[in-house]
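First up is the structure itself, then whatever we jot down about it.
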Amino acid sequence: MITLFGIPQCKSVQKACAWLDQEGLTYQTSNFKKTPPTATQIRRWIGVLGKDVLINRKGTTFRNLSQQEKDLCQAEDAAIELIIQYPSIIKRPLIEWENGTITVGFDPELFAQQA
């Protein structure tokens, strides 16, 4: 099963859902705001993607953090706690594909390789 993590109001998440629907792929969604990711999930995502890819430093949520909070992103354990507290700093959409691959962002070409 494909799992798409994100926030329904996010334009990139909406585009990804539309792409998956258009391709006739079955998937489930997980809303970060209603069900924040666990430390185990975040640790796995960081292990695959790296925290610099996982954290959306261009987004409003990250930009609104204090400098002290931003500095916490340097250490993995502190970054995990910050992501749990502010799941909106995760780059979206994050997709766990059936083949075990994890991707972030909306990229139709990359999606086609995973589907």
- Residue ID - nearest to residue 27 (Cα to Cα), chosen from residues in segment 86-115 that are among the aromatic types (Phe, Trp, Tyr), touching a residue at least 40 places away in the same chain (Cβ under 8 Å) and assigned to a loop (DSSP other than H, G, I, E, B): 97
- Query: Do we have residue 46 as over 25 Å from residue 14 (Cβ atoms) and either out of contact with any Phe, Trp or Tyr (no Cβ under 9 Å at 6 or more places or on another chain) or surrounded by 18 or more Cβ atoms within 10 Å (Cβ to Cβ) (or both) here?
  - Reply: yes
- Query: Is there a residue being of a type outside the set (Gly, Ala, Ser), modelled with pLDDT under 95 and part of a helix (DSSP H, G or I) anywhere in segment 22-29?
  - Reply: no
- Query: Can you tell me which residues in segment 77-115 are buried (at least 18 other Cβ atoms within 10 Å of the Cβ), farther than 16 Å from residue 14 by Cβ and of a type in the set (S, T, N, Q)?
  - Reply: 103
- Look through segment 70-115, keep the residues that are over 18 Å from residue 44 (Cβ atoms) and of a type in the set (A, V, I, L, M), and return whichever of them is modelled with the lowest pLDDT. 115
- Task: Check whether at least one residue in segment 8-17 is in contact with a helix residue (DSSP H, G or I) (Cβ under 8 Å, 6 or more places away or on another chain) and exposed (fewer than 13 other Cβ atoms within 10 Å of the Cβ), and report yes or no.
- Result: yes
- Task: Working only within segment 34-43, note down all residues that are more than 12 Å from the chain's Cα centre (by Cα), in a helix (DSSP H, G or I) and over 10 Å from residue 83 (Cα atoms).
- Result: 40, 43
- Conditions (1) outside any strand (DSSP E or B); (2) touching a strand residue (DSSP E or B) at 6+ places or on another chain (Cβ under 7 Å); (3) under 18 Å from residue 3 (Cα atoms): number failed by residue 83: (3)
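The values are calculated or read from the model by the stated rules, or taken from the named source; none is laboratory data. Quantities reported herein were computed from a predicted structural model and do not represent experimental measurements. Positions of Cβ are backbone-derived with ideal geometry, glycine not excepted, and every protein chain shown enters the neighbour counts.
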